[in-house]
Every structure is written in structure tokens, then in C-alpha cells.
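J.: Please read through the structure below; I'll follow up with questions.
Nothing in this text is a laboratory measurement; each read-out follows from the coordinates by a stated rule. Predicted model, so just to flag it, every value in this text is computed and none were measured. Cβ atoms come from the backbone with ideal geometry, glycine included; neighbour counts cover every protein chain shown.
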């Protein structure tokens with residue numbers, strides 16, 4: 001592909017994105033989503049986060065793997081336990097990251113686990 005073709009594709013995709021996202025602003029009347037859609041959208045952030053995190057933790061060299069020497073699993077478990085203890089209050093998200101990394105880093109760098 002040429003550079004001109006790449007630029008045309010980028011601008012075309014940007015235009016499509018702009019048009020589809022602008023429909024909510026173009027309309028004069030107030031949009032009300034159905035209750036089932038609003039309820040479903042409540043799960044979108046956790047679904048997106050899970051789609052990013054779970055493959056990083058459980059997939060090793062293109063295959064699902066659950067080795068006992070996977071430092072990521074122990075870091076994720078430690079962070080999850082911390083979050084459950086804090087019940088999502090206060091600095092739970094920051095603490096989850098700190099606790100998870102405090103478990104992961106010694107296992108990965110110190111012992112050499114994957």
C-alpha cells in the first residue's frame with residue numbers, strides 16, 4: 001500500500017467514527033435508552049477490563065496455560081483479595097495495583113517466574 005492509500009484509509013475511518021458518534025448530538029429530541037440497555041451498559045467497564053487482563057494472565061505462548069510458576073496469577077490473586085477486603089472503598093483500586101505488583105515483582109524478578 002502506498003502512503004496516500006494509508007492516509008485515505010485513516011481519514012475515511014475518522015470520518016465514519018465522527019458521523020456515527022455524532023448521531024446523539026445531531027438529534028433535537030432527548031434520547032432515552034431502554035432500561036435493559038442501561039442495565040447492560042453497567043457491565044461494560046468490567047467486561048472490557050476482563051477482556052484485556054485475563055488473556056495477559058492466563059495465555060502463555062498462544063495457549064491457555066495455568067502453570068504454578070506464573071507470577072501474574074499470584075499477583076492478580078493478591079490484588080483481588082485486597083480489593084475484596086477493602087470492598088471497593090477508599091484507595092482500593094490503587095491498593096490493588098500496589099499489592100498485586102508487590103507480589104508479582106519479587107516472584108518475576110527475584111525467583112524468575114514468568
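J.: Summing -39500 (n - 2.57) over the DSSP H runs of n ≥ 4 in the chain and dividing by its residue number, what mean residue ellipticity at 222 nm do you reach, to the nearest 500 deg cm²/dmol? Please list the in-between numbers first.
T.: On the way: 5 runs with 76 residues, N = 114.
After summing the helix terms and dividing by the residues of the chain, the value is -22000 deg cm²/dmol.
J.: Could you check the spin-label model distance between residue 20 and residue 43? Points 7 Å from the Cα along Cα→Cβ, value in nm.
T.: Taking the simple label geometry, residue 20 and residue 43 are separated by 2.2 nm.
J.: For a test of the definition: using alpha carbon positions, the gyration tensor, and the 1.5 limit on a/c, classify the range 1-55 as rounded, prolate or oblate. Intermediate results must be reported in sequence, preceding the final value.
T.: Details: a/c = 5.74, a/b = 1.31, b/c = 4.39.
Oblate.
J.: Note the angle between two axes, namely the Cα long axis of helix 3-26 and the longest principal axis of the Cα atoms of the chain, as a number of degrees from 0 to 90, rounded to the nearest 10.
T.: Value to nearest ten degrees: 80.
J.: Hey, what did the chain get for relative contact order, percent, Cα under 8 Å, at least 6 apart?
T.: Values: 53 pairs, mean separation 22.1, N = 114.
Answer for the chain is 19 percent.
J.: Okay, moving on. How big is the chain in terms of Cα radius of gyration and Dmax, in angstroms?
T.: When restricted to the Cα atoms of the chain, Rg and Dmax are 21.3, 61 Å.
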